[in-house]
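Colleague: Attaching a single structure in structure tokens format; questions to follow.
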Amino acid sequence: MRAIVGTQAKVTGTLHVLGRPAGHPALRTRLGYVTQAPSVYDDLTVRQNLDYFAAILDPGRAFAVRCHESVTRALADVDLTPHAGALAGALSGGQRSRVSLAVALLGTPDLLVLDEPTVGLDPVLRRDLWDLFHSLAADRGATLLVSSHVMDEAERCHHLLLLRDGELLADGTPDALRARTGSETVEAAFLRLVDEATGASRTKDTTR
């Protein structure tokens, strides 16, 4: 995921994102990235954090009006408008995660890369964030790339890549994966694929 957003060093091969080499400056406003740990400044308020990152997105512009609009919209998107004046360091873990998401939404990105965005959040906030993710995809046409080890969240995605120990076990829709494995849930499908891969690996080891 870091390779996709252009922050991973020593990457071999060729990787293009939205028609540009990964990490290209032109992708700055077209790609949003939410790390697993909140990436905010604790000694700034929520709005100050967003003002700062909005300025970085488009340095040198006469951005006052557009910056205010994008910050106000991002705050509303993640339901943090009432906390705009609070120091980020005084927020709960879930609220800090939402500040990071708001930062990623500032540029109205075409692609959002989310690294376990709901880890440690309560069920209500997880539900609300997934409602927002689906709204971003349906209403704004954004593509979301989400990593998660929580399989009920995988059920919410349109397309899945199931990975285990760096190996791609499956690539398809949730319905296709359930049908392929004869499973009722994505979690059960994933576990069956892991067992199959483990069994195949053991067979190879014993026949060498």
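Colleague: Test of understanding: among A22, A3, which residue is under 20 Å from the mean Cα position of the chain (by Cα), surrounded by 17 or more Cβ atoms within 10 Å (Cβ to Cβ) and at pLDDT 90 or above?
Modeller: Answer to the check: A22.
Colleague: If only one of D51, D79, D42 is outside any helix (DSSP H, G or I) and surrounded by 13 or more Cβ atoms within 10 Å (Cβ to Cβ), which one is it?
Modeller: The unique qualifying residue is D79.
Colleague: Next up: Just need a number here: residues in the range 82-93 that are closer than 16 Å to L125 by Cβ and in a loop (DSSP other than H, G, I, E, B). Full working, then the answer.
Modeller: Looking only at the range 82-93, we keep the residues that are closer than 16 Å to L125 by Cβ, and these are 82-83, 91-93.
Filter again for in a loop (DSSP other than H, G, I, E, B), leaving 91-92.
So the answer is 2.
Colleague: In the range 128-160, which residues are in contact with a strand residue (DSSP E or B) (Cβ under 8 Å, 6 or more places away or on another chain), without any contact (Cβ under 8 Å) to a residue 60 or more places away in the chain and surrounded by 13 or more Cβ atoms within 10 Å (Cβ to Cβ)?
Modeller: Within the range 128-160, F133, L136, A137, A142, T143, L144, V146, E153, A154, C157, L160 meet the criteria.
The values are calculated or read from the model by the stated rules, or taken from the named source; none is laboratory data. Note that the coordinates shown come from a computational prediction; the quantities given were computed from them, not determined experimentally. Every residue, glycine as well, gets a Cβ built from its backbone with ideal geometry; the counts of neighbours run over all protein chains shown.
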